[in-house]
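Have a look at the structure below, then the notes.
The values are calculated or read from the model by the stated rules, or taken from the named source; none is laboratory data. Quantities reported herein were computed from a predicted structural model and do not represent experimental measurements. No Cβ is skipped: glycine too gets one built from the backbone with ideal geometry, and neighbour counts run over all protein chains shown.
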Amino acid sequence: MQREIECKTKTIKAAMAALGARLDEGDESELLVWVIPRAFACAHRPLRHHRIFGRAKKGRYLPSKAAPAVLEWIRRVKELGIRSIICLMHPNELKHYAALDLGAPNLIESYQQIDIEVRHIPWDDPGHRQGLSPATYEEELARVRVEVLNSFDDLPKPVLLHCSAGIDRSSPVAAFVYCSRALASEA
């Protein structure tokens, strides 16, 4: 199964990068990548690639005037049928939204406010940590994969998985869920 996971990870990473490029260009017609049709999807964190407030703009935290755009992102995700979100963002990444009035104390609770079930499985981005050994990364990845798979099994479908960029954390975890559930059901 490891080879299938690696292949699916590459496919998801490429799809997430392409989605990010379209969003950077202002094409917001799609917000997510379906991994298991109508059951499991991946996305970038809200506004990561927004044309005004996205990562290309200066500053780490979103300005207060970004709140309506975040709420619109959440509304659109809900309209796409998403019933649950698994968020891998580390608490430091959630601080991007600290200055926003989202009608809830934080981003996670703003999802819950519109009846989206949430599982928060914080995982610091291994791509931004210096000196992280491959063994440590593999241990973390194994732990998070199991937590996400269990959450996916328990949550109402469709489920959306996101970290920040959707590349280093969400893609390999989503590939594991895909291979564990979609491929397993086809066998």
(message) Please go through (1) basic (Lys, Arg); (2) surrounded by fewer than 16 Cβ atoms within 10 Å (Cβ to Cβ); (3) touching a residue at least 24 places away in the same chain (Cβ under 8 Å) for residue 143 and return the number of the only condition it doesn't satisfy.
(response) (3)
(message) Quick check on this structure: which one of 144, 177 is closer than 16 Å to residue 125 by Cα, of a type outside the set (D, E, K, R) and modelled with pLDDT of 95 or more?
(response) 144
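Picking from 109, 93, 72, which residue would you name as being under 23 Å from residue 154 (Cα atoms) and assigned to a helix (DSSP H, G or I)?
Just a single option satisfies the conditions, and that option is 109.
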(message) Anything in the stretch 46-73 that is modelled with pLDDT under 90, of a type in the set (Gly, Ala, Ser) and over 12 Å from residue 24 (Cβ atoms)? List them, or say none.
(response) 59
(request) State the number of residues belonging to the stretch 107-128 that are within 21 Å of residue 169 (Cα to Cα) and either surrounded by fewer than 17 Cβ atoms within 10 Å (Cβ to Cβ) or free of Cβ contacts under 8 Å to residues at least 60 places away in the same chain (or both). (result) 14
(message) All but one of (1) assigned to a helix (DSSP H, G or I); (2) surrounded by fewer than 21 Cβ atoms within 10 Å (Cβ to Cβ); (3) modelled with pLDDT of 90 or more; (4) among the aliphatic types (A, V, I, L, M) hold for residue 104; state the number of the condition that does not hold.
(response) (1)
(request) Give the number of residues within the stretch 107-136 that are of a type in the set (Ser, Thr, Tyr) and at pLDDT below 90. (result) 2
(request) Could you tell me which residue of the stretch 11-36 is farthest from residue 171 (Cα to Cα), considering only residues that are under 16 Å from the mean Cα position of the chain (by Cα) and of a type outside the set (A, V, I, L, M, F, W, C)? (result) 30
(request) Among residues belonging to the stretch 24-74 that are aromatic (Phe, Trp, Tyr) and in contact (Cβ under 8 Å) with a residue 40 or more places away in the chain, point out the one that is surrounded by the fewest Cβ atoms within 10 Å (Cβ to Cβ). (result) 73
(message) Can you report the number of residues in the stretch 27-57 which are of a type in the set (Phe, Trp, Tyr), in contact with a helix residue (DSSP H, G or I) (Cβ under 7 Å, 6 or more places away or on another chain) and assigned to a strand (DSSP E or B)?
(response) 1
(message) over 24 Å from residue 15 (Cα atoms), of a type in the set (Lys, Arg) and part of a helix (DSSP H, G or I): which single residue out of 78, 65 fits that description?
(response) 65
